[in-house]
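Enquirer: Okay, here's the structure, questions in a sec.
The values are calculated or read from the model by the stated rules, or taken from the named source; none is laboratory data. Just so we're clear, the structure is a prediction, and the values are computed from it rather than from any experiment. Methodologically, a virtual Cβ is constructed for each residue, glycine included, from the backbone with ideal geometry; neighbour enumeration extends over all protein chains shown. The area values use the complete protein model at the heavy-atom level, side chains included, leaving out ligands, DNA and RNA. Shrake-Rupley method; radii C 1.70, N 1.55, O 1.52, S 1.80 Å.
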Protein chains: 2
Amino acid sequence: MKLSFAEENYIKTIYQLTDAGKKGVSTNDISASMKLKPASVSDMLRKLGDKGVIDYRKYYGVHITEEGKKYALSTIRKQRLWEVFLVEKLRFSWDEVVDVADELEHIQSTVLIRRLDEYLGFPKFDPHGDPIPDEYGDVRVRPRVSLNEIDLNATGQIVAVKDSSAAFLRYLDKVGAYIGARIKVIEKVEFDGSIEILIDNKKTIFMSKDVAGNILIMV
Amino acid sequence: MKLSFAEENYIKTIYQLTDAGKKGVSTNDISASMKLKPASVSDMLRKLGDKGVIDYRKYYGVHITEEGKKYALSTIRKQRLWEVFLVEKLRFSWDEVVDVADELEHIQSTVLIRRLDEYLGFPKFDPHGDPIPDEYGDVRVRPRVSLNEIDLNATGQIVAVKDSSAAFLRYLDKVGAYIGARIKVIEKVEFDGSIEILIDNKKTIFMSKDVAGNILIMV
DNA sequence: ATTAGGTTTTAGCTATGGCTAAATATTTAT
DNA sequence: ATAAATATTTAGCCATAGCTAAAACCTAAT
């Protein structure tokens, strides 16, 4: 079965909005993320449900099926390989690539993607640090380290927290840290283990050894 | 103004079917070339006429406008640059590239094409020997020589004839030569100037000095 | 338990770009 | 010059994928 451009975009978005939690992805979330009206989304969800790539129960959000995951991962693989190409070969900066990669990811040709992968030296991560699924949809999970353990001037991305208490998350939120944020360690204070980090190249924050120990970084 | 995928394909086809002669390109020719029904073509011609990229007089075929040429050349430029990329960087053979390039040529991004051009070293011809228009639509015309003048084992493409009488063209047609055919000189007979050529790697034909002198080759 | 507010779906419209079948125009052959 | 053949266009249909407005549904507060 072949998905249209629009269908590929939907399934990719649904996959990416899917949380570990068991609640389905809501129509409104998809609508907001894709900048389409909820009515249009409803319509498409019905179609995607008929095609078997999502489980769709009216009013209760959608869950992606195994079949659907295959399509999502295939599209994500293409998108990220093209992003590598644009940045490494055509000197695009990493914020310029999104629009173009979003078009390129819909080109249909297994051979093309296989050759592109080979040409790029089988990269495992895209310029944003996100993993590139292999041909079979397998994703290499990048090892995570605590923010305490990484070196001065090292960069990474916040991928998880050890302590997920409301208090801790509220604190992170207040200082501007969040899952997905890009960070760089710009100061390590030896005597108390506290550090200073730069978030998204915009804002610097201090944090204690305790806090840093609870933040997991993907290098 | 932005043309849709379908519109881009039509205008490209019309440009390529346009002959030096003053008769317009017919609905049937376009229909045959694009493998669409004549009725669909008629409909699109009306739309393209409204957009000003072609001159459309019902029942009398279409002529491309200067505006239209710009779009056609831009699409052809993209197509041929992608073909060079596929063949030179991704090791596609020159007959595999058409389908993929036909999809890639519709990606919208001036920057992308400029960078790709640069990355490929500003190529002037695609893998089929066809010229790549520059950013302003200018095409480098490749020098043409008479088939008499090229060396044994040299290859080239038939691009024109000096004698365009019906008799001569009918003769060429009969032996299987045509504008666009790839040829290779496989025998040169010194004493009468006749030659033997291989057409499209498929068929060999003999021709007299006279005939060869009236065929123009692009090396 | 009912209602208000937010979310989601349905119904009906639009545009694009195909199609078939029928009508019409042009060209060719008698 | 007219009839037959060919080419082209029109009319009306289908699918995709968006939209607005109205209806239906869910949830949370009274």
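Enquirer: Hey, does region A:110-120 have a residue that's under 19 Å from residue B:107 (Cβ atoms), without any contact (Cβ under 8 Å) to a residue 12 or more places away in the chain and acidic (Asp, Glu)?
Expert: Among the residues of region A:110-120, not one is under 19 Å from residue B:107 (Cβ atoms), without any contact (Cβ under 8 Å) to a residue 12 or more places away in the chain and acidic (Asp, Glu), which makes the answer no.
Enquirer: Could you check how many residues of region A:66-82 are out of contact with any Asp or Glu (no Cβ under 6 Å at 6 or more places or on another chain) and open to solvent by 10 Å² or more (accessible area, probe 1.4 Å)?
Expert: 8
Enquirer: Here is a follow-up. Conditions first: (1) in contact with a helix residue (DSSP H, G or I) (Cβ under 6 Å, 6 or more places away or on another chain); (2) open to solvent by 70 Å² or more (accessible area, probe 1.4 Å); (3) touching a residue at least 40 places away in the same chain (Cβ under 8 Å). Residue A:56 passes all but one, so which condition is the exception?
Expert: In the conditions (1) in contact with a helix residue (DSSP H, G or I) (Cβ under 6 Å, 6 or more places away or on another chain); (2) open to solvent by 70 Å² or more (accessible area, probe 1.4 Å); (3) touching a residue at least 40 places away in the same chain (Cβ under 8 Å), residue A:56 misses (3) alone.
Enquirer: Tell me, yes or no, whether region B:75-89 has at least one residue that is within 16 Å of DNA strand C (Cβ to nearest atom) and touching a helix residue (DSSP H, G or I) at 6+ places or on another chain (Cβ under 8 Å).
Expert: Taking region B:75-89 as the starting set, the residues that turn out to be within 16 Å of DNA strand C (Cβ to nearest atom) are B:75.
Cutting the leftovers down to touching a helix residue (DSSP H, G or I) at 6+ places or on another chain (Cβ under 8 Å) gives us B:75.
Yes, there is a match, as at least one residue in region B:75-89 is within 16 Å of DNA strand C (Cβ to nearest atom) and touching a helix residue (DSSP H, G or I) at 6+ places or on another chain (Cβ under 8 Å).
Enquirer: For region B:28-43, how many residues are farther than 24 Å from residue B:137 by Cα and open to solvent by less than 90 Å² (accessible area, probe 1.4 Å)?
Expert: Within region B:28-43, the first condition is being farther than 24 Å from residue B:137 by Cα, and the residues that meet it are B:28-29, B:31-32, B:35-43.
From what's left, open to solvent by less than 90 Å² (accessible area, probe 1.4 Å): B:29, B:31-32, B:36, B:38-43.
Of the residues in that region, 10 qualify.
Enquirer: Another question about this same structure. Being of a type in the set (Asp, Glu) and within 13 Å of DNA strand D (Cβ to nearest atom) is the filter; apply it to region B:6-61 and report the residue that is farthest from residue B:73 (Cα to Cα).
Expert: By that ranking, first place goes to B:43.
Enquirer: Okay, moving on. Please count how many residues of region B:96-131 are at the interface with chain A (Cβ under 7 Å from one of its Cβ atoms) and in a helix (DSSP H, G or I).
Expert: 7
Enquirer: If we keep just the residues of region B:83-95 that are within 10 Å of another protein chain (Cβ to nearest Cβ) and on the phi < 0 side of the Ramachandran plot, which is surrounded by the fewest Cβ atoms within 10 Å (Cβ to Cβ)?
Expert: B:89
Enquirer: Answer yes or no: is there a residue in region A:104-120 that is at pLDDT below 95, among the small types (Gly, Ala, Ser) and more than 25 Å from residue A:219 (Cα to Cα).
Expert: Scanning region A:104-120 turns up at least one residue that is at pLDDT below 95, among the small types (Gly, Ala, Ser) and more than 25 Å from residue A:219 (Cα to Cα).
Residue-wise test of (1) buried (at least 17 other Cβ atoms within 10 Å of the Cβ); (2) in contact with a helix residue (DSSP H, G or I) (Cβ under 6 Å, 6 or more places away or on another chain); (3) among the aromatic types (Phe, Trp, Tyr).
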residue: B:106; (1), (2), (3): yes, yes, no
residue: B:109; (1), (2), (3): yes, yes, no
residue: B:125; (1), (2), (3): no, no, yes
residue: B:132; (1), (2), (3): yes, yes, no
residue: B:135; (1), (2), (3): no, no, no
residue: B:139; (1), (2), (3): no, no, no
residue: B:146; (1), (2), (3): no, yes, no
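Enquirer: Identify, by number, the condition in (1) under 26 Å from residue A:134 (Cα atoms); (2) within 16 Å of DNA strand C (Cβ to nearest atom); (3) open to solvent by 50 Å² or more (accessible area, probe 1.4 Å); (4) touching a helix residue (DSSP H, G or I) at 6+ places or on another chain (Cβ under 9 Å) that residue A:19 doesn't meet.
Expert: Every condition holds for residue A:19 apart from (4).
Enquirer: Please specify each residue of region B:179-207 satisfying the condition of being surrounded by 13 or more Cβ atoms within 10 Å (Cβ to Cβ), on the phi < 0 side of the Ramachandran plot and either in a loop (DSSP other than H, G, I, E, B) or out of contact with any strand residue (DSSP E or B) (no Cβ under 7 Å at 6 or more places or on another chain) (or both).
Expert: Of everything in region B:179-207, those that are surrounded by 13 or more Cβ atoms within 10 Å (Cβ to Cβ), on the phi < 0 side of the Ramachandran plot and either in a loop (DSSP other than H, G, I, E, B) or out of contact with any strand residue (DSSP E or B) (no Cβ under 7 Å at 6 or more places or on another chain) (or both) turn out to be B:179, B:181, B:194.
Enquirer: Output the residues belonging to region A:5-16 that are within 14 Å of DNA strand C (Cβ to nearest atom) and touching a Gly at 6+ places or on another chain (Cβ under 9 Å).
Expert: The answer is A:14, and nothing else.
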